Amino acid sequence: MTGYGRATSAAHSTTGSLRLVVELRSVNHRGFDIKIRSDRPDGFCDGEIARAVRVAVERGTVTVAVREERPTATGLDPERIRSTYRVLERLRGELGLTAPIDLATVAGFLSTHGATEMPLHGEELWAVLRPVLEGALSELGETRAREGEALRADLVARIARLTGIVDQVETAVAPVPARFTRRLEERLAAVREMPGFEPGRLAQEAALMAERLDVSEELVRLRAHLDHIRGLLDAPGAVGRKLDFVIQELGREINTIGSKAQDASVAAQVIEGKAELEKIREQAQNIE
């Protein structure tokens, strides 16, 4: 399922303020895949991110973007400026420099120093990053849940339509054996009086064909699979892979009915049922 989550946080280190922003985006995928993008990748944090996302998302492609934002001019840290000025002033005296240390010099040093040094890494960075990631995952879960409700409503409607088609197939196949027997009798009417004609053989062939044309078992299994899908749509947790399997079984039963019935009206209903089932299959690919 598609979804989006974003969270931010702030921490402080010896180099000043550090603002972390985590953005999560998920798109549909039959399996699970994760892509982590960061301004400064950290092997320890990447592993922890992958584990945390895997717990929250079982199906889909998830892109995790982690970036660092430092304060702009509207977020100056006066204490850091003073500390930097004192250090530069002391160095100026030690080096015997005559040029004064002004705000432009301090600002230039802070800008260069803050852009090249990562204040936290490893477990220290993860301690700051973890709650931010959890916040983004929470929002991601909410957006995915909203889409899930919409998908569920659509699947419920499609399952109802497919159930209606199954009802029509059941009505259409009921007279098929009788029609076949009647056609068989009509074709054999011309040879009834010929030597060697066996009425018992006609009845036997009609009974065998009626058995071959019988799709009652397939219809029972079809209805059972449809009930199973309805139950899965109301079940907690990830059900996408289970839906895939049940839909595959539905397709098998529909194909069997189409091959056994040998009737034009039934074939038309089977084609309509396959079309609706394909829509259900495509929609189910979006469900975790």
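Determine whether the range 66-76 contains at least one residue that is at pLDDT 80 or above, of a type in the set (K, R) and more than 15 Å from L137 (Cα to Cα). Yes, there is a match, as at least one residue in the range 66-76 is at pLDDT 80 or above, of a type in the set (K, R) and more than 15 Å from L137 (Cα to Cα). Of the candidates E89, E117, the single residue that is more than 30 Å from E58 (Cα to Cα) and modelled with pLDDT under 85 is E117. Restricting the search to the range 151-183, which residues are free of Cβ contacts under 8 Å to residues at least 12 places away in the same chain and assigned to a helix (DSSP H, G or I)? If the condition is that a residue be free of Cβ contacts under 8 Å to residues at least 12 places away in the same chain and assigned to a helix (DSSP H, G or I), then A153, A157, A160, G164, D167, T171, A178, R182, R183 are the ones that fit.
The values are calculated or read from the model by the stated rules, or taken from the named source; none is laboratory data. Source: prediction; values computed, not measured. Positions of Cβ are generated from backbone atoms using ideal geometry, with glycine treated the same way; all protein chains shown enter the neighbour counts.
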